[in-house]
2 protein chains.
Amino acid sequence: MAASCRFAFALHVLAVLAMHPGTGVTSKLLGASVNTHPVVIRRLISALRKAGFVCCASGAKGGATLCRPPEEISLDAIYQAIQPARAFAAHPQQPDAGCPVGRQIKTVLADVFSTAEQALHESLAQRTLADVVATMSEEVPSPLRTRPPRRAVRA
Amino acid sequence: MAASCRFAFALHVLAVLAMHPGTGVTSKLLGASVNTHPVVIRRLISALRKAGFVCCASGAKGGATLCRPPEEISLDAIYQAIQPARAFAAHPQQPDAGCPVGRQIKTVLADVFSTAEQALHESLAQRTLADVVATMSEEVPSPLRTRPPRRAVRA
DNA sequence: CGGATGTGTAACCGCGACAGTTACCGTCGT
DNA sequence: ACGACGGTAACTGTCGCGGTTACACATCCG
């Protein structure tokens, strides 16, 4: 399947932004935290910007900022903003229409694929970015935490 | 994500085998129905054989045969037999341990990923190969039908 | 104003996965 | 023995991705 790490990067970036509300975070800093090239971060942020999750400021003192409350950003919304392709792929060429399976397999596959993908989306939709941030604050009560932890809304 | 069509091919092949119980079906025939090269079919069948779903006969009059009842083969079992990689991928490089997100993101991601993958597997596990074959038999019962009432809605 | 600091995006490279293909060997029925 | 068939290795072309460089544009500050 050759899964990409876009979703992992996106969650990482958004979690950092959620922890620095109001202040713009540069792609250089984000790239250092994720351990990748700043341009990779900017490409990712470009998709997140189109989805309306972040806003960016150009020029010096610029950077990305979360422009929606983390509670309103579900992991499914992030996934759909990031992933360009479907989770499943059908036949690249048309199957043999002379075979009963070849005639009907596409319809059956479409049903199976959409059902499975919906299950995937529903699972991701049950958590928000705020949950992710809260989980990290819980697990390591480090002195870096300045604000009191938000209510944990784990299901 | 760059999904492969292995799963689609596997369902197609197993459906054909389920419709020809007992008789061996050659990779040449299966390749013609799927519209791909016989070696691609044989590679796929190699994985299905290791999973115990099909047996193959060598030599002349050889071919693949379903060696378990279709009711006992869930789509999830097929998926797991075919797919070599995970549906999600984590950071390829270690994130920055100096950042609180970088330290903990992997744990959170592992939880999110496993939950979503489990939802995917449970969705696929709810259908068996027999269901797929039955669906196809229903939708086109005989050439007496004038026109199929339903059409594929996916573009 | 002009340089420093950012973003935005295009272009390219290298890598890995995949489908497709060829080739060769082993196996089995006629 | 011969031909049909599976099993598998090896190679090719393509595609998507992460990584990188380069450049245009925007913004702040001295």
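The values are calculated or read from the model by the stated rules, or taken from the named source; none is laboratory data. These numbers were taken from a predicted model, which means no experiment stands behind them. So basically every Cβ, Gly included, is an ideal-geometry build from the backbone, and we count neighbours across all protein chains shown. Quick note on the areas: whole protein, heavy atoms, side chains included, nothing else; ligands and nucleic acids left out. Shrake-Rupley method; radii C 1.70, N 1.55, O 1.52, S 1.80 Å.
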Response to the item:
Per the filter on the stretch A:45-54, residues among the hydrophobic types (A, V, I, L, M, F, W, C) and either more than 16 Å from the chain's Cα centre (by Cα) or part of a loop (DSSP other than H, G, I, E, B) (or both) are A:Ala51, A:Phe53
Worksheet item: So which of B:Phe53, B:Phe88 ends up being facing chain A (nearest Cβ under 7 Å) and among the aromatic types (Phe, Trp, Tyr)?
Response: B:Phe88
Practice prompt. Note down all Cβ pairs under 8 Å where the first residue falls in the stretch B:30-50 and is on the phi > 0 side of the Ramachandran plot, the second is part of a helix (DSSP H, G or I), and they're at least six residues apart or on different chains.
Written response: B:Asn35/A:Gly102
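Among the listed residues A:Arg49, A:Arg86, A:Arg68, identify the single one that is more than 30 Å from B:Ala10 (Cα to Cα) and more than 9 Å from DNA strand C (Cβ to nearest atom). Step through it out loud before you land on a result.
Numbers: A:Arg49 fails: more than 9 Å from DNA strand C (Cβ to nearest atom); A:Arg86 fails: more than 30 Å from B:Ala10 (Cα to Cα).
Selected residue: A:Arg68, the only one of A:Arg49, A:Arg86, A:Arg68 that is more than 30 Å from B:Ala10 (Cα to Cα) and more than 9 Å from DNA strand C (Cβ to nearest atom).
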Worksheet item: Among the residues of the stretch B:39-50, which ones are more than 19 Å from B:Ala85 (Cα to Cα) and either away from every other protein chain (no Cβ under 14 Å) or near DNA strand D (Cβ under 6 Å from one of its atoms) (or both)?
Response: B:Val39, B:Arg42
Worksheet item: Hey, among the residues in the stretch B:91-101 that are more than 14 Å from DNA strand D (Cβ to nearest atom) and within 7 Å of chain A (Cβ to nearest Cβ), which one's least open to solvent (accessible area, probe 1.4 Å)?
Response: B:Val101
Worksheet item: Condition test on A:Leu11, is it free of Cβ contacts under 8 Å to residues at least 60 places away in the same chain, assigned to a helix (DSSP H, G or I) and either out of contact with any Phe, Trp or Tyr (no Cβ under 8 Å at 6 or more places or on another chain) or surrounded by fewer than 19 Cβ atoms within 10 Å (Cβ to Cβ) (or both)?
Response: no
Worksheet item: Since A:Ala3 meets every condition but one in (1) more than 7 Å from chain B (Cβ to nearest Cβ); (2) out of contact with any strand residue (DSSP E or B) (no Cβ under 6 Å at 6 or more places or on another chain), which condition does it not meet?
Response: (1)
Practice prompt. Could you grab me the full set of residues in the stretch B:55-81 that are within 16 Å of DNA strand D (Cβ to nearest atom), hydroxyl-bearing (Ser, Thr, Tyr) and surrounded by 12 or more Cβ atoms within 10 Å (Cβ to Cβ)?
Written response: B:Thr65
Discussion item. Quick test for you: out of A:Pro38, A:Pro84, pick the one residue that is modelled with pLDDT under 95 and either open to solvent by 20 Å² or more (accessible area, probe 1.4 Å) or not aliphatic (A, V, I, L, M) (or both).
Written reply: A:Pro84
Response to the item:
Exactly one of B:Ala110, B:Ala64, B:Ala116, B:Ala89 is assigned to a loop (DSSP other than H, G, I, E, B) and either of a type in the set (Gly, Ala, Ser) or in contact with an Asp or Glu (Cβ under 7 Å, 6 or more places away or on another chain) (or both), and that residue is B:Ala89
Worksheet item: Which of the residues belonging to the stretch A:21-34 are away from DNA strand D (no atom under 12 Å from the Cβ) and under 12 Å from B:Pro100 (Cα atoms)?
Response: A:Ser33
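Between B:Ser33, B:Ser74, which is of a type outside the set (A, V, I, L, M, F, W, C) and within 14 Å of DNA strand C (Cβ to nearest atom)?
B:Ser33
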